[in-house]
Structures are given as C-alpha cells and as structure tokens.
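Peer 1: Let me begin by handing over the structure; questions about it come next.
The values are calculated or read from the model by the stated rules, or taken from the named source; none is laboratory data. Model, not experiment: these values are computed from the prediction. With ideal geometry, Cβ positions are generated from the backbone for all residues, glycine too; neighbour counts draw on all protein chains shown. Heads up: the accessible areas ignore ligands, DNA and RNA and are worked out on the full protein's heavy atoms, side chains in. Shrake-Rupley method; radii C 1.70, N 1.55, O 1.52, S 1.80 Å.
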Amino acid sequence: QVQLVEAGGGLVQAGGSLRLSCAPSGSIISINATGWYRQAPGKQRELVATITRGGSTNYADSVKGRFTISRDNAKNTVYLQMNSLKPEDTAVYYCTIRTLLRRDYWGQGTQVTGSS
C-alpha cells in the first residue's frame with residue numbers, strides 16, 4: 001500500500017524557518033490536490049495549505065504571507081516552506097493527497113515546534 005513519507009520537521013526558534021516535504025512511497029495516479037494539515041495538542045486538525053492539480057493554492061488565514069506550498073511534479077513531491085514561525089505554529093503536520101476518484105492518502109505526521 002502506498003504511503004506518504006514526510007520529512008523536515010523539528011524544533012526552531014520563533015522567527016525561524018523550516019521546510020517540510022512529502023512524497024509517496026509508490027505510484028499514485030490521477031492526483032487532484034495535495035495539502036498540509038496540522039493538529040496541535042487538544043485541538044482539531046486544521047487545514048494549513050493546499051495546491052490543486054492546476055497549481056492553484058489556498059492558505060489558512062493564520063499562515064498567509066508566511067507559509068508557501070509548492071509541488072515538484074517530476075519528483076511527485078510537495079513542499080511546505082514555513083517562514084517567520086511562531087510558537088502557535090507548534091503542531092503535528094500531516095501531508096495529504098486526494099486523487100480524481102476522491103481517494104485520500106495521509107502521511108504519518110511530522111512534529112514542528114516553534115519555541116518562544
């Protein structure tokens with residue numbers, strides 16, 4: 001079964017940057033959209049950013065202007081560049097892929113901690 005492999009999480013001081021990456025362990029056909037969600041302790045999972053098949057992007061208001069989602073189609077990899085990190089960005093970040101047939105794949109999550 002294809003899994004999404006995430007990398008790039010860690011501990012960073014407030015104001016710092018991290019880049020997350022996500023790639024499937026095998027082939028996924030007909031990818032429609034990819035995205036990142038996050039879940040902080042005691043909170044519900046929330047959308048961070050998405051990028052569609054056509055390249056359109058969408059961001060949560062809380063990360064606009066600081067985070068950038070991008071995709072390398074040749075490598076089938078999606079990235080989340082996170083700048084000006086804040087302590088409130090601390091969460092487990094999950095990558096997700098949705099196919100044209102509306103099948104969803106999720107990564108195992110990677111911890112991002114912004115220290116004050």
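Peer 1: Between ALA74, ALA40, ALA14, find the one with the highest GNM mean-square fluctuation for the chain; connect C-alpha pairs within less than 10 Å.
Peer 2: Of ALA74, ALA40, ALA14, the most mobile in the Gaussian network model is ALA74.
Peer 1: Follow-up question, since we're still on this one. Mind listing the phi-derived Karplus ³J(HN,Hα) values for region 20-34, rounded to whole Hz, using 6.51, -1.76 and 1.60 with θ = phi - 60°, and x for any glycine or proline?
Peer 2: Couplings: 9, 10, 8, 9, x, 6, x, 7, 10, 9, 6, 5, 9, 8, 10 Hz.
Peer 1: Can you find, among TYR105, GLN44, GLN81, the residue farthest towards the positive end of the dipole of region 20-106? Put +1 on the C-beta of Lys and Arg, -1 on that of Asp and Glu.
Peer 2: TYR105
Peer 1: Sticking with the crude label model, points 7 Å out along Cα→Cβ, report the distance from SER70 to SER84 in nm, one decimal please.
Peer 2: About 1.9 nm, to one decimal.
Peer 1: Sticking with this one: Within the set of other residues whose C-beta is less than 13 Å from the C-beta of ALA14, count the net charge using Lys and Arg as +1 and Asp and Glu as -1.
Peer 2: Its environment carries a net charge of 0.
Peer 1: Continuing with this model, one more query. Quantify, in whole percent, the carbon and sulfur part of the accessible surface of the chain (1.4 Å probe; protein heavy atoms only).
Peer 2: 46
Peer 1: Hey, in the GNM for the chain with a 10 angstrom Cα cutoff, which one of ASN83, ASN32, ASN73 fluctuates hardest?
Peer 2: Ranking ASN83, ASN32, ASN73 by mean-square fluctuation puts ASN73 first.
Peer 1: For region 45-116, compute Rg over Rh where Rg is the Cα radius of gyration and Rh is the Kirkwood radius from the inverse mean 1/r over Cα pairs.
Peer 2: That ratio equals 0.96.
Peer 1: Let me spell out the model: positive unit charges on the Cβ of Lys and Arg, negative unit charges on the Cβ of Asp and Glu, origin at the Cα centre of the chain. What dipole size does that give, in debye rounded to 20?
Peer 2: I would put it at about 220 debye.
Peer 1: How much accessible area per residue does the chain have, in Å², with a 1.4 Å probe?
Peer 2: I get 55 Å² per residue for the chain.
Peer 1: Which three numbers, in whole Å and largest first, are the semi-axes of the equivalent ellipsoid of region 1-100 derived from its Cα gyration tensor as √(5λ)?
Peer 2: The three semi-axes for region 1-100 are 23, 14, 13 Å.
Peer 1: Contact order normalised by length for the chain, with contacts defined as Cα pairs under 8 Å and 6 or more residues apart; what percent is it?
Peer 2: 37
Peer 1: Using a Gaussian network for the chain with springs between C-alpha atoms less than 10 Å apart, which of these wobbles most: LYS86, LYS64, LYS75?
Peer 2: Ranking LYS86, LYS64, LYS75 by mean-square fluctuation puts LYS75 first.
Peer 1: Hey, rough spin-label estimate for GLN44 and ILE28, points 7 angstrom out along Cα→Cβ, what's it come to in nanometres?
Peer 2: The two pseudo-label positions are separated by 2.3 nm.
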